[in-house]
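Structure first, commentary second.
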Amino acid sequence: MSPNPPINASAKAHTHREIMVILGGLMTGLLLAALDQTIVSTALKNIVEEFDGLNHYTWVVTAYLLTSTASTPLYGKISDIYGRRPVFQFAIVTFLIGSLLAGAAQDMNQLIATRALQGLGAGGLMALTFVIIGDIVPPRERGRYQGYFGAVWGLSSVAGPLLGGFFSDHDQILGITGWRWIFFINIPFGIASLLITSAVLHIPRVKREHSIDYLGAILMVTSVCLVLLSVSIYGPQYGWTDSRTTLFLVIGVVLALVFLKWESKAKEPIIPLYLFKNHTFSVTSALGAVIGAGMFGAIVMLPLYFQVVKGYSATDAGLKLIPLMLGIVTTSIFSGKMITKHGHYKRFPIIGTAIMTVGILLMTRLQIDTPYWQISIYAIMVGAGLGLSMQTIVIALQNAVEFKDMGIATSSNTFFRSLGSVFGTAIFGSILTNRVGHYLTTNFEDLAKSDPTAVAGFNVSQLEGVSENTAILETLPPIIQNTALEAFVSSFHIVFYAAAPITALGFLLALMLREMPLRTSEDYAAAREEAAGDSIG
């Protein structure tokens, strides 16, 4: 077999400076995708008021999640075939076009369609960022860089609600409606990421014969979209026993089974099923889904608690999440440096999922008058757990798979984490809504028995709709308002009690993780050349 010069050339390790420059472009792209998962929520009120689209407001968020989640594994596979840089830059351009069109949208339908286009680009940004780092940095050295990506997730959890609140609080900025800037702000950062990756991201492509499994791609995307629609839209809105929820869920599951059957026979499968025979791939995929559910459970529920129970504005609620961000950032960087120094990674997701579970359980102690310093401790614990776990499992995964499967294995892990976040957000949201209705009724009945004069002349029907429009709380008499807030507090407790077993499952999965020696620069160069040899042999 003749040597392959481009691959041998690529075996030469990048310098720390080169990696940091590439990292800047990748982190900018990842930040854009991560921000847009959270930045829209605080601006939705202004958007739906301008477009008179309250009945479709959830689609603005869900359209983005649907396309970003469903497209993630496709990006991994396509980049394995055509190379990382052109596919990553395609994702950036797609995201920028979606952002520009979303900011210029004139009605709700246009906004939903352009958000879906944004999500299509975001799926590539989230998946390929970790794949590219896996290409250029061997696992033993990767920890020192991987921690910075945890910092990006932490920053986006605070900056998203903050920026969304800031822009939506202004009627106009530079003559343009305030909320439109949540999309336009992406453009300069996206262009910067595009320029950086064009200049410095040179990863020689491993040439290989290929054929894209189009039927498999259609089956996978359709099944994922149908399942996510039933879980994130129809279930919470119309009930889990509603015919639409059941129909979409059943068809989605059936198509998923057909997809698995087809993939087992496909020549070039979208997700090679042999990857699931890899113990580390299976465990980290499940662990990623658990961490995704826990992360979004905390990121969605804490701001809601601050706004509803504490009465903070959207911007202030974002600022109050800083302890969560600090927990994620510090432990992401710390664990990364320790992994690089000592070469051991298993301990970090074990400690992380344990701390996260304890932090979530402590949040069941939240009350109307809980001081902020106490909430901060709980938030730091949840953030620290996420920071110790989130990037570590990517290192473990990339170390355990063959070089030729790096793209699809890494993007699949991102895919499962995204699935977990969507399922977690939908399920926790449904639990909250259901329990608020229950506790409002029982708390009001208890108040009527203990203090009949307090409810004299008050019609319980005024409490209807509080779980969907918390602005009603401000119109209630003080004692009734306090009773309603207690109902929300009790409901948050149930949500956190429901989340704790999920993160505890993550702890058990982390215990099952097998620690393997992290590959060094020499090992990695050999693996790269072996992948090149397999592809041209």
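Bear in mind that the values in this text are calculations on the coordinates, not laboratory data. Just so it is clear, the model here is predicted, and its values are computed rather than measured. Cβ placement follows ideal geometry from the backbone for every residue including glycine, while neighbour counts extend to all protein chains displayed.
Before moving on, here are some points about what is shown:
- Ranked for footprinting exposure by Cβ neighbours inside 10 Å, fewest first, Arg514, Arg142 give Arg514, Arg142.
- Using every pair of distinct Cα positions in the stretch 273-396, the Kirkwood expression returns a hydrodynamic radius of 15.3 angstrom.
- Under 5 Å from the amide H of Ile173 lie the amide H atoms of Gly178, each residue being 5 or more positions distant or on a separate chain, with H modelled from the backbone and absent for Pro and chain starts.
- Centre-to-centre, using Cα atoms only, the stretch 391-410 and the stretch 99-149 are separated by 18 Å.
- Taking 0.36 nm per residue of separation and subtracting the current Cα-Cα distance, fully stretching the chain between Gln110 and Tyr497 would add 135.4 nm.
- Structure note, pairs Lys310/Lys346; Lys261/Lys337; Lys77/Lys346; Lys265/Lys346: Cα-Cα distances above 31 angstrom occur for Lys310/Lys346; Lys261/Lys337; Lys265/Lys346.
- Along each principal axis, taking the top coordinate minus the bottom one, the Cα set of the stretch 139-183 gives 50, 15, 10 Å in descending order.
- Across the stretch 213-267, Cα-Cα distances exceeding 13 Å account for 56% of all pairs.
- Once the chain from Ile187 to Met512 is taken as fully extended at 0.36 nm per residue, the excess over their C-alpha distance is 112.7 nm.
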